[in-house]
Amino acid sequence: MVRRVAVVGAGVSGLAATKCCLEEGLEPTCFEQSEDVGGLWRYTDQAEEGRASIYRTVFTNSCKEMMCYPDFPFPDDHPNYMHNARLQHYICKYAEHFDLLRHVRFKTLVTKVKKRPDFSVTGQWEVVTQRDGKEETAVFDAVMVCSGHHVYPNLPLADFPGIQKFKGCYFHSREYKEPEKFRGKKVLVIGLGNSGCDIAVELSAVASQVYLSSRSGSWVMSRVWDNGYPWDMLVITRFRTWLGNTLPRALSDWLYVRGMNRSFKHENFGLMPLNRTSRKEPVFNDDLPSRIACGVVVMKPNVKEFRETSVLFQDGTVQDDVDAVVFATGYSYTYPFMEDDSIIKSRDNQVTLYKGILPPQLEKPTMAVIGLVQSLGPIIPTADLQCRWAVKVFQGRGGKPKAVPLFLSSLPRRYGNSTTLQTDYITYMDELASAIGVKPSVLKLLLTDPRLALEVIFGPCSPYQFRLMGPGKWSGARKAILTQWDRTLQ
């Protein structure tokens with residue numbers, strides 16, 4: 001019988017895990033190596049070892065109505081997209097509101113998680129922690145890994161011949177904090193993800209020239225959508241998801257590309273993804289197209305070779321006098337505390353997890369990896385639902401995992417093979433919600449509450465929908481759904 005649960009990390013996923021354990025009458029102990037909650041969203045002036053790191057001007061890409069905890073809306077007066085400091089404040093308030101802090105052990109580093117010798121019978125884990133130089137070992141019935149995946153930088157220097165002889169400075173975007181020291185310099189940013197684009201745009205205000213190099217292109221979306229509403233409140237709806245899954249593939253792809261090119265033609269800006277119909281997570285940046293149009297950011301293909309002060313690109317062009325290079329090349333999925341690394345298989349970014357949560361080869365389903373799945377949807381409600389599902393599985397409910405079911409096999413085809421953890425947000429959320437009996441029944445709502453039903457079908461699929469009915473339902477969910485546009489306008 002699962003009783004004691006170890007939660008690794010007190011970021012947005014770790015706090016959700018702690019709360020879900022408490023809701024189900026379990027005893028969570030959350031281990032956090034820093035002195036505060038918030039994880040990724042807790043800004044520090046220097047990148048700290050073993051912790052996620054963000055730059056000073058990071059804002060959210062999901063709006064407040066779509067990214068809140070499903071039973072804890074943001075205050076009405078908050079803007080739709082938030083600076084990291086404001087989101088950090090909200091996370092602290094959430095922890096206080098649900099009295100989670102007394103279950104968190106701060107400044108405590110998890111150094112080892114290993115199976116007990118009798119694991120095949122008990123499913124128990126031995127967790128070794130370190131605090132003030134002292135080591136402690138404890139036994140837990142289950143472990144929830146909530147340490148995130150923006151900690152260990154992927155810096156593939158071997159893919160960039162000549163980088164050793166380059167005389168300028170180069171570093172991973174994890175080290176970047178603010179632009180001032182690059183004033184008047186020529187800077188090359190490698191990587192067309194959210195960080196790469198944000199940093200390129202920010203540097204373009206002070207640098208003499210910014211070059212943005214991309215290997216495969218990317219869709220670039222604006223946070224501000226039709227009539228100035230947040231993009232995700234208009235795009236992430238049950239109706240649109242149903243339509244996308246029902247239409248013939250060719251038509252669905254055509255509509256997708258057309259929608260992505262609605263503000264500007266990506267081809268003309270050197271941004272067009274190599275695989276046009278790939279639904280990999282787009283980049284959110286309202287300023288990049290105008291920065292390119294003004295010439296302060298120049299798009300470049302992949303780097304072929306570095307020289308002492310110049311860079312040769314794949315198209316044969318050479319850029320002289322480059323002063324600095326920022327590698328915005330993403331992160332690796334690494335769990336240094338796992339004694340057996342194969343439990344969470346991480347081979348070429350291939351993570352094999354049932355429902356994107358449970359390592360399938362464990363004899364007992366008593367470990368959950370939270371927050372690894374990436375979709376077009378926000379992470380906070382995804383993590384919350386993953387935790388609710390995992391806790392039910394720990395207790396023998398919520399759909400028992402079979403021998404070797406892979407999460408990957410149920411992925412929609414259109415995501416291709418490169419991003420094995422990408423999935424469709426609503427399809428995935430509904431799958432988890434169905435398993436634990438909290439998926440909103442549209443048919444039932446149409447008969448009993450047609451106004452709410454229409455908002456659930458055609459309106460944004462906001463987090464409150466997953467606290468409307470079933471175990472763990474929240475009494476304020478209906479009102480929150482019916483007033484979400486009011487808070488957006490405010």
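Helix 84-97 axis versus longest C-alpha principal axis of the chain: approximately 10°, rounded to the nearest ten. Using a Debye calculation, one point per C-alpha and no hydration shell, please list log10 I(q)/I(0) for the stretch 1-90 at q = 0.17, 0.21, 0.26 Å⁻¹ in order. Taking Cα atoms of the stretch 1-90 as identical point scatterers yields -0.81, -1.07, -1.29. With pairing defined as another cysteine C-beta under 4.7 Å, the cysteines of the chain that fail it are Cys21, Cys30, Cys63, Cys68, Cys92, Cys146, Cys169, Cys197, Cys294, Cys461. The distance from the alpha carbon centre of the stretch 121-168 to that of the stretch 378-398 is 23 Å, rounded to a whole number. The convex hull defined by the C-alpha atoms of the chain has an orientation-averaged projected area of 23.5 nm². On a 0 to 90 degree scale, rounded to 10, what angle separates helix 379-394 from the longest Cα axis of the chain? Computed tilt is about 40 degrees. Counting only DSSP beta bridges whose two residues both lie in the chain, roughly 45 percent are antiparallel. Take the alpha carbon gyration tensor of the stretch 276-336, find the square roots of its eigenvalues, order them as a ≥ b ≥ c, and report rounded if a/c is under 1.5; if not, report prolate when a/b exceeds b/c, else oblate. Taking the square roots of the gyration eigenvalues as a ≥ b ≥ c, the stretch 276-336 is oblate.
Think of the stretch 3-49 as having a plus end and a minus end, set by charges on the Cβ of Lys, Arg, Asp and Glu; of Gly25, Tyr43, Leu15, Gly25 sits farthest toward the positive end of this dipole. May I ask for the percentage of alpha-carbon pairs in the stretch 166-218 that lie more than 18 Å from each other? Counting every Cα pair in the stretch 166-218, those more than 18 Å apart make up 24 percent. Computed from Cα atoms, the angle from the helix 425-435 axis to the main principal axis of the chain rounds to 10 degrees.
Under the combined filter of DSSP loop state and at most 12 neighbouring Cβ atoms within 10 Å, the stretch 198-300 retains these trypsin sites (Lys or Arg not before Pro): Arg262, Lys265. If R0 is taken as 30 Å, the Cβ-Cβ distance between Leu274 and Arg56 corresponds to a FRET efficiency of 0.40. Treating r as the C-beta distance of Gln164 and Arg258 and R0 as 60 Å, the FRET efficiency rounds to 0.85. Can you bin the stretch 127-205 into rounded, prolate or oblate? Criterion: square roots of the alpha carbon gyration tensor eigenvalues sorted a ≥ b ≥ c, rounded for a/c under 1.5, prolate for a/b above b/c, oblate for the rest. The shape class here is prolate. When the alpha carbon coordinates of the stretch 72-113 are projected onto the principal axes, the ranges are 42, 21, 15 Å, largest first.
Where a ≥ b ≥ c are the square roots of the eigenvalues of the C-alpha gyration tensor, would you call the stretch 1-44 rounded, which needs a/c under 1.5, or, failing that, prolate if a/b is larger than b/c, or oblate? Here the stretch 1-44 falls in the prolate category.
Work out how much length Trp474 to Ser216 would gain on full extension: take 0.36 nm times their residue separation and subtract the Cα-Cα distance, in nm to one decimal.
Extra length from Trp474 to Ser216 when fully extended: 88.5 nm.
Could you work out how much longer the chain between His89 and Asp341 gets when fully extended? Use 0.36 nm per residue separation minus the Cα distance between them, nm to one decimal.
Values: separation 252, 0.36 × 252 = 90.72 nm, distance 3.46 nm.
Taking 0.36 nm per residue and subtracting the Cα distance, the gain is 87.3 nm.
The H on the amide N of Gly377, modeled in the peptide plane, is under 5 Å from the matching H of Tyr425, each at least 5 residues off or on a different chain.
For the pairs Lys19/Lys473; Lys364/Lys392; Lys186/Lys265; Lys115/Lys364; Lys355/Lys444; Lys19/Lys392, flag any whose C-alpha to C-alpha distance is greater than 18 Å. Could you put the intermediate results ahead of the total?
Details: Lys19/Lys473 14 Å; Lys364/Lys392 14 Å; Lys186/Lys265 27 Å; Lys115/Lys364 11 Å; Lys355/Lys444 27 Å; Lys19/Lys392 13 Å.
With Cα atoms farther than 18 Å apart: Lys186/Lys265; Lys355/Lys444.
Residue-wise HN-Hα couplings along the stretch 64-73, as the Karplus relation 6.51 cos²θ - 1.76 cosθ + 1.60 with θ = phi - 60° gives them from phi, are 4, 6, 9, 10, 7, 5, x, 10, 8, x Hz; Gly and Pro carry x. Residue-wise HN-Hα couplings along the stretch 52-57, as the Karplus relation 6.51 cos²θ - 1.76 cosθ + 1.60 with θ = phi - 60° gives them from phi, are 5, 9, 10, 8, 4, 9 Hz; Gly and Pro carry x.
Using a probe of 1.4 Å on the protein chains alone, the accessible area found for His149 is around 20 Å².
The values are calculated or read from the model by the stated rules, or taken from the named source; none is laboratory data. Computed from a predicted model, the values in this text were never measured in an experiment. When we count neighbours, we look across all protein chains shown, and the Cβ atoms used for this are built from the backbone with ideal geometry, even at glycine. Please note that ligands, DNA and RNA were not included when accessible areas were found on the heavy atoms of the full protein model with its side chains. Shrake-Rupley method; radii C 1.70, N 1.55, O 1.52, S 1.80 Å.
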